[in-house]
1. Just give me the residues in the stretch 144-193 being among the polar types (S, T, N, Q), closer than 24 Å to S108 by Cβ and touching a Pro at 6+ places or on another chain (Cβ under 8 Å), in sequence order.
2. Just for the stretch 53-82: of the residues that are within 21 Å of Y124 (Cβ to Cβ) and modelled with pLDDT under 95, which one is nearest to the chain's Cα centre (by Cα)?
3. Which residue pairs have Cβ atoms under 7 Å apart, sit 6 or more places apart or on different chains, and have a first residue in the stretch 250-262 that is loosely packed, with under 15 Cβ neighbours inside 10 Å and a second that is in a loop (DSSP other than H, G, I, E, B) and among the hydroxyl-bearing types (S, T, Y)?
4. Based on what the data block shows, is Q78 surrounded by 15 or more Cβ atoms within 10 Å (Cβ to Cβ) and without any contact (Cβ under 8 Å) to a residue 60 or more places away in the chain?
5. Scan K199, K269, K162, K211 and give me the residue that is out of contact with any Gly (no Cβ under 7 Å at 6 or more places or on another chain), more than 24 Å from V73 (Cα to Cα), of a type outside the set (V, I, T) and surrounded by 13 or more Cβ atoms within 10 Å (Cβ to Cβ).
6. Mind checking which residues of the stretch 88-106 are in a loop (DSSP other than H, G, I, E, B) and either β-branched (V, I, T) or at negative phi (or both)?
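The values are calculated or read from the model by the stated rules, or taken from the named source; none is laboratory data. Here the structure is a predicted model, which means the values were calculated and not measured. Virtual Cβ from ideal backbone geometry, glycine too; neighbours counted across all protein chains shown.
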Amino acid sequence: MSRNYRVLLISGLLAGSLFFFSACKSVKLLTKRTLAPMPFGQLYQKMEKSAPFFSYLNAKLSISYQKGEKEPVRLRAQIRLKNDSIIWMSIVPAMGIEAARVVLTADSVKLLNRMKKNYILGAYHLLDSLMHTSINFDMLQSLLLGSNVSYPLTDSSVSVDKQRYLLSMKMRIPAKRSLSGYHMLTQKIWLDPETFNIKELYLSESGMQDKDMYVFYDQYQNIGRQTFPLKMQIVIDANEKIIINITYKRTEIDIPRGFPFIIPGKYRKLI
C-alpha cells in the first residue's frame with residue numbers, strides 16, 4: 001500500500017468519524033424536546049396513578065450507610081410491609097447473623113439489638129436522633145416506595161427543571177410532640193416526563209435547621225403491573241452528611257407474611 005493511499009484512507013476514516021459524531025450530536029440536540037405545559041393538578045394525578053398499589057410487600061435489601069467521612073457500613077436486610085400499617089425489618093451485617101430487628105407502626109418504634117441483648121420500645125423521636133432528621137411512618141413508607149409524602153397543601157406550583165416536571169409543595173403536618181399545632185413541610189418532586197415516576201425528591205421541615213433530605217430514585221422495576229424502586233439513594237444534610245444507598249432484590253407483593261418481634265427474657269430494656 002503506497003504512502004499516499006494510506007494518507008487518503010486515514011483522512012477518510014477521520015472525516016467519516018467526525019461526520020458520525022457530529023450527526024450523533026445533531027440527533028441528541030433534536031431529541032432534547034421542550035416539555036408540554038401541564039397544570040399542577042393533572043401532574044399530581046399522573047404521579048399518584050404511577051405509584052404502587054398493594055396490600056403486602058416483601059423484599060431483600062442491600063444497604064450501605066455512610067456518616068460523614070467514615071467508611072460505609074454495608075448491610076443486608078429483609079423487609080416486610082403491610083401498606084399503611086406496619087414496616088418490619090431484619091438487619092444482617094456481613095457476618096450473616098441477624099444483628100437487629102425493627103418494627104415500625106404509625107405511632108411506635110420497636111428495636112431489638114441482638115448484638116448487645118437489649119431492646120427499645122418508643123416513639124419516632126428515636127428515629128429522628130438516628131437519622132438526624134425528622135421522620136414519621138407515612139414519610140418513611142412513601143420514601144421506600146417511591147411515592148410522594150401526602151399532607152394538606154397550603155401552596156403548590158409546577159415548573160420544568162432538568163428536563164423534568166418539578167412539583168413544589170408546602171404542606172401542613174402535625175407536630176410530633178404536642179397534641180395540637182403544626183409544622184410546615186416543603187416538598188419538591190422531579191417527575192419523569194414519560195412514566196411520571198419520581199426521580200428526585202426533596203424534603204425540608206420548618207424548625208429543623210440544616211436537616212434537609214434528598215432522595216434519588218436511580219432505577220425502577222416492574223412487579224406485576226406495579227412499579228417499585230430498584231435502586232435509590234437517601235442523602236441527609238445534617239451536621240454530618242448521611243448517605244444511604246438501597247438496592248431492592250427479590251421483591252414480591254400481596255403475599256402475606258408474619259411480623260414476628262419476640263423479646264427474649266434476658267434482654268434489657270433501654271427505653
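1. The one that is among the polar types (S, T, N, Q), closer than 24 Å to S108 by Cβ and touching a Pro at 6+ places or on another chain (Cβ under 8 Å): S147.
2. It comes out as Y65.
3. Correct list of pairs: D254/S55.
4. Numbers: surrounded by 15 or more Cβ atoms within 10 Å (Cβ to Cβ): yes; without any contact (Cβ under 8 Å) to a residue 60 or more places away in the chain: yes.
Answer is yes for this residue.
5. Numbers: K269 fails: surrounded by 13 or more Cβ atoms within 10 Å (Cβ to Cβ); K162 fails: surrounded by 13 or more Cβ atoms within 10 Å (Cβ to Cβ); K211 fails: more than 24 Å from V73 (Cα to Cα).
From the options K199, K269, K162, K211, the qualifying one is K199.
6. So in the stretch 88-106, the residues in a loop (DSSP other than H, G, I, E, B) come out as 93-99, 106.
If the condition is that a residue be in a loop (DSSP other than H, G, I, E, B) and either β-branched (V, I, T) or at negative phi (or both), then P93, A94, M95, I97, E98, A99, A106 are the ones that fit.
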